[in-house]
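The values are calculated or read from the model by the stated rules, or taken from the named source; none is laboratory data. Remember, predicted model here, so these are calculated numbers, not experimental data. All Cβ positions, glycine included, derive from the backbone under ideal geometry; neighbour counts span all protein chains shown.
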Amino acid sequence: MEAIAQKDLAAFLLEAEENVHDVKRITESKVPELTVEQAYKIQRDLVDLKLEKGLTIVGPKMGLTSKAKMDQMNVKDPIYGYIFSNMIHEGGSNISRKELIHPKVEAEIAFVLAEDIEGPGITAAQVLRATAYIVPAIEIIDSRYENFKFTLPDVIADNASSSKVVLGDKIKLPNDLDLALVGTTLEINGELKAAGAGAAVLGHPAHAVAMLVNMLAKSGGKLHKGEVILSGAITEAILVESGDTVYAKWDGIGEISFSFVD
Ligand code: OOG
Ligand code: MG
């Protein structure tokens, strides 16, 4: 794939995001032979376009780290993408459904590091030692692809479906709290829709962060102090509509509630 085509594909996906409409999968309509490596280059161009518009990166995110998500999206490997400054909301806020194509919500645990870490070879124990805070987070994913259907290269190019993140209160990781055992529930309008434990995320959410930093090392990247790093959904993602109130609770960590409005 030529550099020009790569930039055009990034611009194509950004246009769909900005103007809130879906598009055909790029592996169906434009680049059937797209590889994972090429897809990350399109993602890099998409990230650069956002940076040129003055947005800043809040942190990278892992995706498809749980079996529930891999089964739901019919893919086999974790991926990463980037969360930007204009995507962040606080608990208690209202989010406009009109700004989104077909949003889904998923409960996650985010990490904030006290120091930079750089792969390869980083372990979950090293991630935990470098962790200053953890933050409960509800990610709102909004694939730009029709019917939320894609192959692995498609979703990588589309910045891992990143759309918005609602953050709870950050806490210092208690010494006696094992994130693998943190029970998490996700309710819509008071009805339980999904539940799981931190262990659903590659055995332990810190393991997902270790995998992320080791993946970033392949292109010379690292994790930076202060970034908010999403470790990936604990449960499957749930489709939401205007008028829905979303509530999630993480045992011993916190809770978040917010609503979708017109
Ligand atoms: C890709 C993004 C997945 C997660 O936490 O697993 C993700 C998607 O399912 O559209 O963010
Ligand atoms: Mg996610």
Residues in region 81-129 that are within 16 Å of ligand 1 (Cβ to nearest atom) and farther than 14 Å from Ile141 by Cα total 3
Worksheet item: more than 16 Å from ligand 1 (Cβ to nearest atom) and part of a helix (DSSP H, G or I): does that describe Val155?
Response: no
Within region 138-152, restricting to residues that are within 18 Å of Glu15 (Cα to Cα) and hydroxyl-bearing (Ser, Thr, Tyr), the one that is farthest from ligand 1 (Cβ to nearest atom) is Tyr145
Inset, instruction - For region 130-140, state whether one or more residues are outside any strand (DSSP E or B) and either out of contact with any Leu (no Cβ under 9 Å at 6 or more places or on another chain) or more than 15 Å from ligand 2 (Cβ to nearest atom) (or both). - result: yes
When (1) closer than 15 Å to Ile109 by Cβ; (2) in a strand (DSSP E or B); (3) away from ligand 1 (no atom under 16 Å from the Cβ) are applied to Leu192, the one that fails is (1)
Within region 218-250, the residues that are surrounded by fewer than 17 Cβ atoms within 10 Å (Cβ to Cβ) and not in a loop (DSSP other than H, G, I, E, B) are Leu239, Thr245
Margin query: Can you find a residue that is touching a helix residue (DSSP H, G or I) at 6+ places or on another chain (Cβ under 6 Å), over 23 Å from Phe260 (Cα atoms), surrounded by fewer than 18 Cβ atoms within 10 Å (Cβ to Cβ) and modelled with pLDDT of 95 or more anywhere in region 170-182?
Written below: yes
If you go through Val209, Val201, the only one that is surrounded by 21 or more Cβ atoms within 10 Å (Cβ to Cβ), farther than 19 Å from Val58 by Cβ, within 16 Å of ligand 2 (Cβ to nearest atom) and within 14 Å of the chain's Cα centre (by Cα) is Val201
Per the filter on region 159-177, residues at negative phi and within 8 Å of ligand 1 (Cβ to nearest atom) are Ser162
